[in-house]
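So the structure is just underneath, and the comments pick up after that.
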Amino acid sequence: MEWYEALILGVVQGLTEYLPVSSSGHLIIGAHLFGLNDGDSNMAFAIAVHVATVLSTCVILWREIVWLFQDLFKWKWNEGTRYIINILISMIPVGIIGLFFKDTVENFFGNGLTVVGICLLITAALLAFSYWAKPRQKESISPLHAFIIGLAQAIAVLPGLSRSGSTIATGLLLGNKKEYLAQFSFLMVIPPILGEALLDIKGIAEIGIEQAMGGLTAIPLAVGFIAAFVSGCFACQWMINIVRRGKLIWFALYCTIVGILAIVL
């Protein structure tokens, strides 16, 4: 992987992790266009850029994270404690899938462009439906809704099915307020991404660091990490504002176009 390829893929990862267009699907499409078919090397690069986007979330939402920990360590039932409980509940489905069925799902569906294209079309349909549906809005996210949103996140392990798009659209369809959904969606994704990175690091330890790096050197790895972090900071803040304004329909159109192109390719 050349440094400019890492730069482009890092930017793609940082933007698409938060925009509802599927980061995994775009990384697969990008790797295909660049001819990067070394799965082990792609895994090492994927860990770096995913950790970078987690750090960008922490930077943009640092006030909310500090508030949650302050409320948690008051050791009493309050708004922050309830919020953390909802995040933990939302992690249950993806935790089960990630620990016990991740390899099965990946082996069954694969990561070819056809699968990516179909899942992007599903993402488009979900975003469009959530845009036109007008359910009665609720004041806060309930534990049941947190679990259902977590189910949407678990299903989004499929390449091309957007994690942020699935969780935000599901929350909107359940009637949760737009003002809370983007923030909740981005905070709930931090533990699963870190958990997935730990599982991938375990995989790298099993095959050896040299094999995992493949032809990947430190420079493109660092370039990809920085690019994903910077673009992730921009996309995270941008997406929060977009959700508040409810303008997700344009992403549905984008996913439709890219999905069709992926199937054609």
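Rounding to the nearest 10 and keeping the result within 0 to 90°, find how far the Cα-based axis of helix 23-34 lies from the longest principal axis of the chain.
20 degrees
What ³J(HN,Hα) values, in whole Hz, does the Karplus curve 6.51 cos²θ - 1.76 cosθ + 1.60 give for segment 238-245 when θ = phi - 60°, with x put for Gly and Pro?
5, 5, 4, 5, 5, 4, 4, 8
Using only the alpha-carbon atoms, how far is helix 163-173 inclined from the longest principal axis of the chain? Give it as 0 to 90 degrees, nearest 10.
Once rounded, the angle reads 20 degrees.
Given H placed 1.01 Å from N in the peptide plane, which residues other than close sequence neighbours of K138 have an amide H under 5 Å from its amide H?
N176, K177
Running a GNM on the chain with Cα contacts under 10 Å, which residue among A46, A154, A125 ends up with the highest mean-square fluctuation?
A125
Before rounding to the nearest 500, sum -39500 (n - 2.57) across all DSSP H runs of length at least 4 in the chain and divide by the residue total; then give [θ] at 222 nm in deg cm²/dmol. Mind showing how you got there, number by number?
Working: 14 runs with 207 residues, N = 265.
Taken over the chain, the calculation gives -25500 deg cm²/dmol.
Can you tell me the dipole magnitude for the chain around its Cα centre, using point charges on the Cβ only (Lys, Arg +1; Asp, Glu -1), in Debye to the nearest 20?
It works out to roughly 1380 debye.
For a protection proxy built on the mean count of beta-carbon atoms within 10 angstrom, sort 230-239, 91-100, 158-167, 67-76 highest first, please.
Descending mean neighbour count gives 158-167, 230-239, 91-100, 67-76.
Bear in mind that the values in this text are calculations on the coordinates, not laboratory data. Computed from a prediction, not measured in an experiment: that's the story for all the values here. We place every Cβ from the backbone using ideal geometry, glycine too, and count neighbours over all the protein chains shown.
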